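Trainee: My structure is below; once you've seen it, I'll send some questions.
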Amino acid sequence: MAIDLRERLTRRRRTGADRRAANAAANLDRPPVFPGRWVSAISLIAGPTLIMTGTLLRSPFYYFVPYQLTAYTQHPALITAAYTCFALGFVLLLPAVVTLAQRICATSPMWGLWGGCLVIVGLFTRTFQFGTDHLAFHLTDVLGLPTMLDGIDGYYDAWRDTHWHPFRSMSGPAFFGWIVLAIGAYRSGALGLGRSISLGLMSVLALGTLKGTEPQSFLAVGGLCLAFIPLGVSLLRNGPRPTRRAMIWVAVLIGVHVLMTAFGPRG
């Protein structure tokens, strides 16, 4: 019996190794066509890093809504930085998710398609929620904390009473899309078992207006970092450096963006 169990474990290990080898071979000559190797790598590294930064910055404060608004009135710069990093990290995750979905599609097309689409819909849902966070903080400056607390309570009551809203119906993909993507990553061989499980932990990350760092947040975001950052590093290593022409265009685009940021509001 012990020998049979050992043989089964050996077969499973070989199957997993074969799956990963097949996926690596399928992706060897297929660098991310869109959005490209460099954008993909930066997204895979910077997105989770920014989300973890935001999670750490707001972790000293209790996660429930009144405490988040109170923390903002006491530490406006810190809370603004925390929520900004968190939101920007999820925006930057879009190229990362597209890249992983493409790698999954090399050997498991349906899992890559559905997992990628569901997670992307969830990213848009979270971006919608971040917009309400941003508005709530700035209205607190104008209306004061007591009025804003009553306003947020009314907002949640109205949200619960609404029979249908497009972003309300997208809450499911925001949670379960990560599980589908994680299963696809494992079945296709794009990620190993451990990193696939880590990716699936993103399904426990809370969703909603003014939701701070909950106990399970570190588990979810830590799993995302473990799944995505090594993949981004491998993309940076396995390819040529950007050309001088590409670097010039990057510098031009950054310069234009800086000028528009500095002088756009005045104009």
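Every number in this text was worked out from the coordinates using simple rules, so none of it is lab data. Computed from a prediction, not measured in an experiment: that's the story for all the values here. Positions of Cβ are generated from backbone atoms using ideal geometry, with glycine treated the same way; all protein chains shown enter the neighbour counts.
Trainee: Please work out how much length the chain gains when fully extended from residue 258 to residue 127, using 0.36 nm per residue of separation minus the C-alpha to C-alpha distance, in nm with one decimal.
Mentor: Working it through step by step, the gained length comes to 44.8 nm.
Trainee: A further question follows. Loop only per DSSP, at most 16 neighbouring Cβ atoms within 10 Å: give me the trypsin sites (Lys or Arg not before Pro) in segment 145-207, ordered by residue number.
Mentor: 168
Trainee: Which whole DSSP H helices in the chain pass both tests: a Cα extent of 18 Å or more along the axis and a mean Kyte-Doolittle value no lower than 1.0?
Mentor: Those that clear 18 Å and a mean of 1.0 are 37-57, 76-105, 217-237, 244-263.
Trainee: Still on this structure: Peptides 178-185, 236-243, 112-119, 201-208: what's the order by average Cβ count within 10 Å, highest mean first?
Mentor: 178-185, 112-119, 201-208, 236-243
Trainee: Mind giving me the FRET efficiency for residue 78 and residue 150? R0 is 22 Å, r the Cβ-Cβ distance, nearest 0.05 is fine.
Mentor: Calculated value: 0.35.
Trainee: Using a 10 Å cut-off around each Cβ, can you sort 209, 261, 127 from fewest to most neighbouring Cβ atoms?
Mentor: By the 10 Å Cβ count, ascending: 261, 127, 209.
Trainee: Another question, if that's okay. Helix-derived [θ] at 222 nm for the chain: sum -39500 (n - 2.57) over DSSP H runs of at least 4, divide by residue count, nearest 500?
Mentor: So the helix-based figure for the chain works out to -27000 deg cm²/dmol.
Trainee: Additional query: Could you identify which residue out of 171, 188, 43 has the top mean-square fluctuation in a GNM of the chain using Cα springs shorter than 10 Å?
Mentor: 171
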